[in-house]
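To start, the structure itself, in structure tokens.
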Amino acid sequence: MKTAAKAMGNERTMATETGRLSKYFEAYEEVRAHGLEREPVWLQQLREDGWARFSARGFPSTHDEDWRFTNLATLAKTPFRRAAKGEFAVSPAQLEPWRLAGAACQLVFVNGHFAPELSDLGSLPEGLLVCSLAKAIDCGREECAPEGIEQHLGRYADMSRDVFTALNTALWEDGAYLRIHRGVTLEQPIHLLYVSAGAGAEIATHPRTLIIAEDASQAAIVEDYVSLGSEAAFSNAVTELAAGQDAVISHFLVERENLASFNVSTLRIEQSRNANVDSHSILLGGGLVRNNVHPVLNGEGAECLINGLFVGAGRQHIDNYMLVEHARPHCNSRQFYNGILADHARGVFHGRIVVHKDAQKTDAKQTNRNLLLSDNARIDTKPQLEIYADDVKCTHGATIGQIDEAQLFYLRARGIAEADARNLLLYAFAAECLDRMKDSAAREFVEGLIRERLQELASAVQAAAPAATQEDETQNWEEVG
Amino acid sequence: MALLEIQDLHASVDGHEILKGVNLTVNAGEVHSIMGPNGSGKSTLAAVLARRDAYEVTGGRILFNGKDLLEMDPEEAACEGVFLAFQYPVEIPGIGNAYFVRSAMNAIRKYHGEEELDAMDFLPLYKERMKLLEMDEKFMSRSVNEGFSGGEKKRNEILQLAMLEPKLAILDETDSGLDIDALRIVAQGVNAMRSPDRAFLVITHYQRLLDYIATDFVHVLVDGKIERSGGPELALELEEKGYSRAEADVQQALPA
């Protein structure tokens, strides 16, 4: 069984050439043709670089250390195609369940294209620019002049290391562009809703988000991935967030796509002096999810919080790859990831901290805690510290456990039914991530999503309990070499 | 009908028999103290009554209010009115004290077909009972027992007792590790809860607690059996002579 799977794996690695990538090549041709007419040369160049890197390497295999625990065979062999703008109609009513109450504004993208008719720009406060990235490059207004974008777009996310970033750079068609002007504080969150709606067709999208938080600005941004149907989609998102001096930014990633979908998202954060950035990843949906978070603390006194919760059931596979780079002295980073895995779900936490030579007085901390609710659930957790400075404080820790029987009994001994007690304990574990979020509409929003997801999970786990024995051999996404 | 009737109870943990035929009858309104040396089975008895499933009952029966207690889950026993004040209260990070107690109260109310309490009905009562136990209101929003001192944990147990108003309250060595002030406060909470339709089973190693809680009966548990029963004077005698005599008697009685 093992050998067969391995052989298949090798064959797959070799087959990542033209045949399987032809859909991506078609998409690239279309995007490039469109770009030749309308896009500045620097952007065309960027796309070409991206394509060259992706086509040279294809999708990574599990022999690649960064992808050791995540098999992309199914992703590679699914013929995901590009969707044309307006190809699949979505009505406002269909989006009703996915709104964020209390948002300052909501930008909606359908299959990677901006949908102004579905978006709600509300009444935006002064000093805030929120629009489609493609439009901003195209429109030539001074405020969104492409030069301002050129300085940032593609300057942070690393194409040479990561083929998904390369693929996104080659193929992105749109995404949100936010610029929060110097000293501006935005009270309510900005909701970016990325919708997959293939109506049965398997669509790949490559959303590109650019967030420029100027000095001393403050804002919260919620990047939210959802699917309307049950067909598989592939979302390959890249977000670059540049936080200026003293900027205070909270970024939320919410993954709640259907269980057939693939989501690879990369958040690259560049922090200037004293910039304070929180990244909250709330991963509840998706069949195969890879969540890359990569802050670079590139100014003295910068601080980041990398906070996450991932909840998997069925055969969900959720891979978190953290790379925290300390490039300057006196920076703090905190990583807290909690995972809850049921059924055959599988999680990965890869926490890499790099402390560069000049980054003295670095204070970096990493904690990954996991709850496994079934014998078949699995977590691979891997800390990785690379320290080139000599006066630093780095700690890491990981725990893997089940629901605590003593806690469960304590709750039951007070009259709380077993199922409710389990639910309470699950929620308490998940809620640790909520405690690290500043009070806001965004926090309330994700709190509701987490409650809902755990409720589902608790009833599913209970319903599944009597028939505990299932065949074990047909793992979908994995087989580690 | 007695509130609690334990008949020839045998129980084991990991295959070791701990309780070897306990008989005990408790009526509503009474306070019974169970004393005995370490390892005699006091906490096992408490755990069996609270229906902890690591303890296997191998013989005998327990009637609570005429119902078979051994047929009940822990939550069912709690809803029927059994309350155990834990010897080692568990910390539960992430669940607030007030939320926890309200969930418990509502679970019990639901079991009896009563309407659930909302926060507005609940909080005044909770605050009032906190005063009785001299607990600061900041404990309301803190996670259950998390970071509490030993004394705070025990007070929190009695606070829960005061909120849930059980028919039978079992205090499992609630006094151990308490300084005299904390002991006084705990006893004050217990005394305030005494009533003609509530019984207490006070498990303790020392007579000290009984200076503060007036007991009606004292039972001495040795090697899984109640060796002697008597009035409060028995506690004083044990304090004076220790358990050693009773233990020695049992040692002799056992085959080598």
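We did not get these values from a lab; they are worked out from the coordinates using the rules stated. None of these values were measured; they are calculated from a predicted model. A quick note on method: Cβ atoms are made from the backbone with ideal geometry, for glycine too, and the neighbour counts reach across all protein chains shown.
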Residue B:209 vs (1) over 24 Å from residue B:2 (Cα atoms); (2) in contact with a strand residue (DSSP E or B) (Cβ under 9 Å, 6 or more places away or on another chain); (3) within 14 Å of chain A (Cβ to nearest Cβ): all pass except (3)
Of (1) touching a helix residue (DSSP H, G or I) at 6+ places or on another chain (Cβ under 7 Å); (2) within 17 Å of residue A:389 (Cβ to Cβ), residue A:338 satisfies all except one. Which? (2)
Those residues that are more than 8 Å from chain B (Cβ to nearest Cβ), surrounded by 18 or more Cβ atoms within 10 Å (Cβ to Cβ) and either free of Cβ contacts under 8 Å to residues at least 12 places away in the same chain or under 28 Å from residue B:168 (Cβ atoms) (or both), I need them from region A:426-451; list them, please. A:443
Residue in region B:56-66 that is among the aromatic types (Phe, Trp, Tyr), surrounded by fewer than 23 Cβ atoms within 10 Å (Cβ to Cβ) and more than 15 Å from residue B:1 (Cβ to Cβ) present: no
Members of region B:86-126 found to be within 14 Å of another protein chain (Cβ to nearest Cβ), in a loop (DSSP other than H, G, I, E, B) and more than 28 Å from residue B:201 (Cβ to Cβ), listed by number: B:116
Quickly run through region B:54-85 and pick out the residues that are within 8 Å of another protein chain (Cβ to nearest Cβ) and without any contact (Cβ under 8 Å) to a residue 24 or more places away in the chain. B:73
Among the residues of region A:406-425, write down those that are at the interface with chain B (Cβ under 7 Å from one of its Cβ atoms) and either in contact (Cβ under 8 Å) with a residue 40 or more places away in the chain or among the basic types (Lys, Arg) (or both). A:412, A:414
Could you list, in sequence order, all residues of region B:160-178 that are farther than 21 Å from residue B:206 by Cα and within 12 Å of chain A (Cβ to nearest Cβ)? B:160, B:161, B:163, B:164, B:165, B:166
Any residue at all in region A:119-127 that is among the acidic types (Asp, Glu), without any contact (Cβ under 8 Å) to a residue 60 or more places away in the chain, in contact with a strand residue (DSSP E or B) (Cβ under 6 Å, 6 or more places away or on another chain) and surrounded by fewer than 18 Cβ atoms within 10 Å (Cβ to Cβ)? yes
For region A:396-406, give me each residue that is over 24 Å from the mean Cα position of the chain (by Cα) and either among the hydroxyl-bearing types (Ser, Thr, Tyr) or part of a loop (DSSP other than H, G, I, E, B) (or both). A:402, A:403, A:404
As an exercise: evaluate residue B:83 against (1) touching a helix residue (DSSP H, G or I) at 6+ places or on another chain (Cβ under 7 Å); (2) in a loop (DSSP other than H, G, I, E, B) and give the number of the one condition it does not meet. (2)
